[in-house]
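> Here's a structure for you.
The values are calculated or read from the model by the stated rules, or taken from the named source; none is laboratory data. All of these numbers come straight from a predicted model, not from anything done at the bench. Quick reminder, even Gly has a Cβ in these numbers, built from the backbone with ideal geometry, and neighbours come from all protein chains shown. What goes into the accessible areas is simple: the full protein's heavy atoms, side chains included, and nothing from ligands, DNA or RNA. Shrake-Rupley method; radii C 1.70, N 1.55, O 1.52, S 1.80 Å.
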Amino acid sequence: MLKNGLLELWNDPAVIGIHKLPGRSSHRIFPDASAARANRDNAWELSLDGTWDVYPAGNLAEGERVATEAEGAVQWTDIKVPGHPELQGHGFPHYTNIDMPYSEEPPFVPANNPTGVYRRKMKIPAAWRGLRVVLHFGSAESLLAVWVNGQAVGFSKGSRLPAEFDITALVEPGRDAEIRVLVAKWCDANFVEDQDMWWLSGLPRSVKLLAMPPVHAWDIFLRPVLEESGKGRIEVEVAVGCPEPPAEPVVVTFQLLDPRGKPVFRKEMTASPSWTRSVGAHGRGAVVFKADVPRCQAWSAESPVLYTALVSVKHASGESHSAVKTGFRRIEIREGALLINGKRVLIFGVNRHSHDPDSGRAVPRERMRQDIALIKKHNF
């Protein structure tokens, strides 16, 4: 589908993705609970950030040919990921305010579409045998198509959204794999993404491989509530992901840790999912936990007290664990005033783009911290 149909898809607003996994929360999946609570050193993640090969093509047809052909007379050069080609010697950035950067009418974009073909070779960890392997792109501007070991994987639009693809069937743990990624600068999505900004392309956020058991917590949604009496309540919705509903039992557990890391509930809560529907090749089972939180500590900007929701999924194929931070606060508008936890607040805000003067939308962590410190210093 990708190999022969990409030229038609880049101007089709009805198609925003093919074989792309359903969106989910940004929680990480760990092999054990202690690693989840520490939120570091994850044996089930492999970063692909760093130096990639790139071929700058002048249009989508040329880029698609390079992405799908075997080794040939392609002159690859180096590029840093995350990053933008325009800030690494390929093309140039430009700024627009009220006008589109080209004259075509929606949904059409220029035929001469700057396109980068990225290539990266890596070894799939041998310890991942029996696990599901997912390829994660933090973002791509603006059209993304992926091949693994010469096989078409998927397609995505949405410059500020992650795109994830299941590549389990295309790779073998312990052996090398090659990823080729086509990123075109223009597509029909530009017309809804347009704003006053610098136009750039490429892969400005991290790329990584994720491993997880065949049955795992794909999505976690938290609803913390702080009542006027000070009583806390929490609702946790877990979407269990797997290729299809398994024959063996699945058990999902939930425990809430207080700000000191101590369990809130005397015993962790357990439930089994009710299998509801399938999204692509990703089965979905739903589990919902509801609980009161005694002696709940309120979150505020002055006292940012956080709890930790610890979610585990256990199955014959293995178990996985995720830890998600959350806070309890009550937000209401009363007589024209914004109240947080019953207290009136005034908000001073700024309009901030995710942008670095040197690296564009590939913003380094140090710059993020510098921006936050500067904003808080001026009472925003």
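> Consider Leu144 carefully, then state whether it is part of a loop (DSSP other than H, G, I, E, B) and either under 21 Å from Ser354 (Cα atoms) or open to solvent by 60 Å² or more (accessible area, probe 1.4 Å) (or both).
no
> What's the number of the condition Gly89 fails, among (1) crowded, with 17+ Cβ neighbours inside 10 Å; (2) at positive phi?
(1)
> Okay, next question. What's the total number of residues in segment 322-351 that are in a loop (DSSP other than H, G, I, E, B), surrounded by 10 or more Cβ atoms within 10 Å (Cβ to Cβ) and of a type in the set (D, E, K, R)?
Total satisfying the criteria: 2.
> Give segment 84-134 a look and list any residue that's of a type in the set (S, T, N, Q) and in contact with a Phe, Trp or Tyr (Cβ under 8 Å, 6 or more places away or on another chain), or say none.
Thr96, Asn113 - these are the residues of segment 84-134 that are of a type in the set (S, T, N, Q) and in contact with a Phe, Trp or Tyr (Cβ under 8 Å, 6 or more places away or on another chain).
> Would you please name the residue that is farthest from Asp188 (Cα to Cα), looking only at residues in segment 68-126 that are part of a loop (DSSP other than H, G, I, E, B) and charged (D, E, K, R)?
Among residues in segment 68-126 that are part of a loop (DSSP other than H, G, I, E, B) and charged (D, E, K, R), the one farthest from Asp188 (Cα to Cα) is Glu71.
> Mind checking whether some residue in segment 69-84 is open to solvent by less than 40 Å² (accessible area, probe 1.4 Å) and either within 30 Å of Arg284 (Cα to Cα) or hydroxyl-bearing (Ser, Thr, Tyr) (or both)?
no
> Filter segment 161-199 for residues that are crowded, with 20+ Cβ neighbours inside 10 Å and basic (Lys, Arg); which is farthest from Gly150 (Cα to Cα)?
Checking each candidate, the answer is Lys185.
> Being over 30 Å from Ala298 (Cα atoms) and either surrounded by fewer than 15 Cβ atoms within 10 Å (Cβ to Cβ) or not β-branched (Val, Ile, Thr) (or both): is that true of Asp219 here?
Answer is no for this residue.
> Here are some conditions: (1) more than 30 Å from Ala184 (Cβ to Cβ); (2) of a type outside the set (Asp, Glu); (3) open to solvent by 20 Å² or more (accessible area, probe 1.4 Å). Gly232 meets all but one. Which one does it not meet?
(3)
> Out of the residues in segment 186-215 meeting the condition of being closer than 17 Å to Lys80 by Cα, in a loop (DSSP other than H, G, I, E, B) and not small (Gly, Ala, Ser), tell me which one is farthest from the chain's Cα centre (by Cα).
Leu200
> Could you check how many residues of segment 33-63 are loosely packed, with under 15 Cβ neighbours inside 10 Å, of a type in the set (A, V, I, L, M) and modelled with pLDDT of 95 or more?
1
> Tell me which of these Thr270 doesn't satisfy, since it passes every other one: (1) of a type outside the set (Lys, Arg); (2) at positive phi; (3) open to solvent by 80 Å² or more (accessible area, probe 1.4 Å).
(2)
> Any idea which residue in segment 200-216 is farthest from Thr115 (Cα to Cα), counting only those that are open to solvent by less than 10 Å² (accessible area, probe 1.4 Å) and of a type in the set (A, V, I, L, M, F, W, C)?
My answer is Val215.
> Kindly provide the set of residues from segment 117-137 that are within 22 Å of Gly202 (Cβ to Cβ) and open to solvent by less than 10 Å² (accessible area, probe 1.4 Å), ordered by number.
Result: Val117, Tyr118, Val134, Leu135, Phe137.
> Given the residues Val252, Val238, which is the only one that is open to solvent by less than 40 Å² (accessible area, probe 1.4 Å), under 18 Å from the mean Cα position of the chain (by Cα), more than 29 Å from Trp147 (Cα to Cα) and of a type in the set (Val, Ile, Thr)?
Val238
> Among the numbered conditions (1) free of Cβ contacts under 8 Å to residues at least 12 places away in the same chain; (2) assigned to a strand (DSSP E or B), tell me where Arg295 comes up short.
All conditions pass for Arg295, except number (2).
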